[in-house]
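Below: the structure, in structure tokens.
The numbers here are math on the coordinates, done by the rules we state, and not lab data. All figures in this text were calculated on a predicted structure; none of them were measured in a lab. All Cβ positions, glycine included, derive from the backbone under ideal geometry; neighbour counts span all protein chains shown.
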Amino acid sequence: MKQLLSAILLLLPGAFVFGQAGIGTTSPTSWLDVRGSSSATIRTITGSATAAFNDQTLIFTGTSAATLLLPDASACTGRMYWIKNASTTLPTPALTIDPAGSQTIEGGASYLLDEPYELVKITSDGSNWSVMAADIPVPKSTTAGGSWEEGGNTIKTIKSIGTISNYDFAFLNNNTESMRLSAAGLLGVGTNAPDGRLHFVSQNSESGDDYIFTDYSSTTTAGLYLRKARGTVAAPANLAQGDIIGQFRVAPVYNGQADAQRRLGLRRLLPGQRNHQSVGPALLYFEHRADACK
């Protein structure tokens, strides 16, 4: 006991009779004033675990979902934990933080860390756990910078925003999804299941049923251009005689599905032969049902 007391007195040379203590200073300005760096325990977990009394920072590096159990908040008032999901597995396995019994974390029954490198700092208030800080740091790279700010960002090169895993990217307005970019690269407005490269859906909104393209210019009239080529983007190739250059079709819903056999359409073919029939130059084909007329 005498040795322990002597050690404490050596560590606290600036202790005063009214309770302030200083480490590295003889003039402490707070209950505990440390003029220098400090260290605390760091524990790495790879699966489900329980936060202990001697933990401060817990880092999860597991490859599958796990749960971290917290101690009774009423038995450790003021205790703080830093918890981070540092798993490198994609998609990121979720780490669920569970309080004891019916206690809560920031009013919720649990707290989920399911984003890459997501972290949270929690503190016991004597009854439940409160979130004091939360963040999702983004490692900087040639394409990814730090977190995006709502008020705008200053960038000096091309950066990326979106997903880095095989999941759709949803856009919300008023907490409701209004647009989605699928994992296959299909963009849907008003639908969460786009069927084409660009898919618009409007429902019960007369003001939203029109698709308007506005152009302001004194030189070129606004136009909708459909460009067609064979080959690939990297190596486009010329069309062959009789290929369809472009088409515009209107198909009704019949018997619960869009009926291509009852369509109205307009298409243009490259001059030449198609289906053993001669196709003349500069001809437009108007379609009704499965038939065509010039």
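Quick rundown of the values:
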{"item": "Average silhouette area of the stretch 35-168, convex hull of alpha-carbon atoms, in square nanometres", "result": "10.9"}
{"item": "Under the Karplus curve 6.51 cos²θ - 1.76 cosθ + 1.60, θ = phi - 60°, whole-Hz ³J(HN,Hα) for the stretch 78-89, x wherever Gly or Pro sits", "result": "x, 5, 10, 10, 9, 10, 9, 9, 10, 4, 9, 6"}
{"item": "Assigned charges on the beta-carbon of Lys, Arg, Asp, Glu; the stretch 42-135 dipole about Cα centre (debye)", "result": "220"}
{"item": "Derived scalar couplings ³J(HN,Hα) [the stretch 114-119; Karplus, 6.51 cos²θ - 1.76 cosθ + 1.60; whole Hz; x for Gly, Pro]", "result": "10, 10, x, 6, 5, 9"}
{"item": "Paired Rg and Dmax values of the stretch 54-93, which use every Cα atom, in angstrom", "result": "12.5, 37"}
{"item": "Karplus-derived HN-Hα couplings along the stretch 99-111 (A = 6.51, B = -1.76, C = 1.60, θ = phi - 60°), whole Hz, x at Gly and Pro", "result": "x, 7, x, 9, 5, 10, 10, 6, x, x, 6, 7, 9"}
{"item": "Approximate shape of the stretch 89-245 as ellipsoid semi-axes (Cα gyration tensor, √5λ), whole Å, largest first", "result": "45, 21, 18"}
{"item": "Fewest-first ranking of Lys121, Lys228, Lys156, using other Cβ atoms within 10 Å as the exposure measure", "result": "Lys156, Lys228, Lys121"}
{"item": "Magnitude of the charge dipole, the stretch 149-228, Cβ model with Lys/Arg +1 and Asp/Glu -1, debye to 20", "result": "520"}
{"item": "Extension gain from Asn192 to Ile244, taking 0.36 nm per residue of separation minus the Cα-Cα distance", "result": "15.7 nm"}
{"item": "Gyration tensor verdict on the stretch 152-259 (Cα atoms; rounded if a/c is under 1.5, prolate if a/b is larger than b/c, oblate otherwise)", "result": "rounded"}
{"item": "Computed FRET value (nearest 0.05) for Ser37 with Ser130, which takes r as the C-beta separation and R₀ as 30 Å", "result": "0.70"}
{"item": "Stokes-Einstein translational diffusion, the stretch 84-132 - Kirkwood Rh over all Cα pairs, 0.890 mPa s, 25 °C, in µm²/s", "result": "214"}
